[in-house]
Amino acid sequence: MIITGNDREKISKLQEQLATEFEMKNLGGLKYFLGIEVARSRQGIFLSQRKYVLDLLSETGMLDCKPADTPVVQNHGLGEFPN
Amino acid sequence: MAHKLSTEDVPNTVNEALNNPNWIQMIEEEMEALQKNNTWKFVPLPEGKKTMGCRWVFSVKHKADGSVERYKARLVAKGYTQTYGIDYQETFSPVAKLNTMRVLISLAVNLDWPLHQFDVKNVFLHKDLEQEVYMDVPFSLTSPMQGKVVCKLQKTLYGLKQSPRAWFGRFSFAMRRYGYKQSNSDHTLFLKH
């Protein structure tokens, strides 16, 4: 879960409340959520799905595959046209 | 890093896992958590009832850079053998919307808000199970029970059809009790002014 807001006291309060009934684990700043990698600096926030894609390639055994812009031949058509 | 991601050996069965101390330790930790949460009690199987199977599932969690973050062992119930209307009723549970996350990130950037991330350990074990479900006694290194006993589940174990929904209900209930309003456009968003 992500917690954000401009009221730091309320944020800590919520943390405390949650900890009274759930076994909470503080992961610190937001780093990875729903497949999105988050990197924060003073200039802004950088989002990427690099890890998500690598995990997906790993799961499907396609890590060694060559990248292609499109996975099928272009303008192939749906069936065969004899003439 | 591609190399690391693809060559990590993940066991398929408990027997395979027992060759590696990392996995043994994880099995023991998971078993401890299950016992601490009173996930089940040992009972003789009542006549006419059937047990559900269970199995250990192993996985390696990687950090964003591909290095190993931790090993994970989880006991799951074979929920696919459950019958709708008998072992469970409703199962829908919402997932956070990506758009909501983008809005939160945008707010954080523009208003300079902090972004904290939290995880709940063993989420499903926080909710009492309402249905009567019996499960086979799982393999463990220190299995104390012998004879004809089974596990009567008391908590929503991983793998049960009703577990995600039960957890979400439990969590929303808590958030509303803290005075947070559940958003109508995304039920996984809770707001407080």
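The values are calculated or read from the model by the stated rules, or taken from the named source; none is laboratory data. Model, not experiment: these values are computed from the prediction. Using ideal geometry, Cβ is built from the backbone for each residue, glycine included, and neighbour counts are taken over all protein chains shown. For the accessible areas, the whole protein counts, side chains as well, though only heavy atoms, and no ligand, DNA or RNA atoms are used. Shrake-Rupley method; radii C 1.70, N 1.55, O 1.52, S 1.80 Å.
Odds and ends about this structure:
- Scanning the range A:1-52 for residues that are more than 7 Å from chain B (Cβ to nearest Cβ), farther than 19 Å from B:ARG102 by Cα and open to solvent by 70 Å² or more (accessible area, probe 1.4 Å) gives A:ARG8, A:GLU9, A:LYS13, A:GLU16, A:THR20.
- Residue in the range A:13-33 that is at pLDDT 95 or above, in a helix (DSSP H, G or I) and under 16 Å from B:LEU115 (Cβ atoms) present: yes
- B:LYS36 meets each of the listed conditions (1) open to solvent by 30 Å² or more (accessible area, probe 1.4 Å); (2) in contact (Cβ under 8 Å) with a residue 60 or more places away in the chain apart from (2).
- Options B:LYS127, B:LYS155, B:LYS192, B:LYS121; residue that is closer than 30 Å to A:GLY29 by Cβ, in contact with a strand residue (DSSP E or B) (Cβ under 8 Å, 6 or more places away or on another chain) and open to solvent by less than 50 Å² (accessible area, probe 1.4 Å): B:LYS127
- Of the set (1) in a loop (DSSP other than H, G, I, E, B); (2) at pLDDT 95 or above, all apply to A:GLY79 but (2).
- Taking the listed residues B:ALA64, B:ALA77, B:ALA96, the one that is in contact with a helix residue (DSSP H, G or I) (Cβ under 7 Å, 6 or more places away or on another chain) and on the phi < 0 side of the Ramachandran plot is B:ALA64, with no other qualifying.
- Counting only strands (runs of 3 or more DSSP E) that sit wholly inside the range B:34-145, those with at least 1 residues that are more than 9 Å from every other protein chain (Cβ to nearest Cβ) and in contact with a Ser or Thr (Cβ under 9 Å, 6 or more places away or on another chain) are B:54-62, B:68-77.
- Close Cβ contacts (under 8 Å, 6 or more residues apart or on different chains) running from residues in the range A:64-83 that are in contact (Cβ under 8 Å) with a residue 60 or more places away in the chain to residues that are surrounded by 10 or more Cβ atoms within 10 Å (Cβ to Cβ) and in a loop (DSSP other than H, G, I, E, B) are absent.
- Here B:THR81 fits the description: loosely packed, with under 15 Cβ neighbours inside 10 Å and under 20 Å from the mean Cα position of the chain (by Cα).
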